[in-house]
Amino acid sequence: MQGESNGLKVLILQENDTTFHVFCFAHQLQLVVMAVAKKYDGVGDLFEQILLVVNVVCVSCKRKDLLREQARERVQKGLCSGELETGRGLNQDTTLVRAGDTRWGSHFNTLTSLMKLFANVLIVIEFVKDDGGSLANHQQASEILEYIKSYEFVFSLYMMNDILRLEGILSKQLKKKKIYTF
């Protein structure tokens, strides 16, 4: 929108040279979060590995079906044992969500879906490791399992989930029409 030669900013300035450009506060927040996250190598590795997990699990219908079946069984066991409650909007069928490139909100949805389905994802990746067909699939699944079972992965997953959840809340507040400045 603010391209050097023909962005919206340039077009507006051509019409009225007394205007000035102010970034949306929510957009500024998103830019800061992205810049800081990219500086930390662990965050980049985390999202690369999560992308691999999503690709491995969601690349085939057989694996997606296995993930859904595992999730269904887990919900049924939870309902029977009383660990889960029934109600509107609870225990719905879910799958892994692929993150978009431009919005960190989509990364939050990816992390949340992975956290909900973590035990089921482990089962699917174990399946790929044992019955994945090619040697490359076996090796990739083994490496992914080793990484996602590590303390570093789980810590980073929870840390980034909390950071992106808070960033989402703050972003919604910054998008409101009335923002009071002091």
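Structure data summary
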item	result
Spin-label model distance (nm) - Lys149 vs Gln28, 7 Å beyond Cα toward Cβ	4.7
Per-pair calculated FRET efficiency, R0 = 25 Å: Phe118 and Cys80 via Cβ, rounded to 0.05	0.75
Linear extension gain, Leu170 paired with Glu73, 0.36 nm per residue minus alpha-carbon span	31.3 nm
³J(HN,Hα) computed for each position of region 8-13 - Karplus, 6.51 cos²θ - 1.76 cosθ + 1.60, integer Hz, glycine/proline x	4, 4, 5, 4, 5, 5
Above-threshold pairs, the threshold being 21 Å between Cα atoms, out of Lys129/Lys149; Lys62/Lys129; Lys38/Lys129; Lys39/Lys175; Lys116/Lys149; Lys38/Lys64	Lys38/Lys129; Lys39/Lys175; Lys38/Lys64
FRET efficiency estimate (nearest 0.05) - Cβ-Cβ, Ser134 to Cys58, R0 25 angstrom	0.90
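Taken together, the values in this text are just the output of simple stated rules run on the coordinates, not laboratory data. All figures in this text were calculated on a predicted structure; none of them were measured in a lab. Every residue, glycine among them, receives a Cβ derived from its backbone with ideal geometry; neighbour counts consider all protein chains shown.
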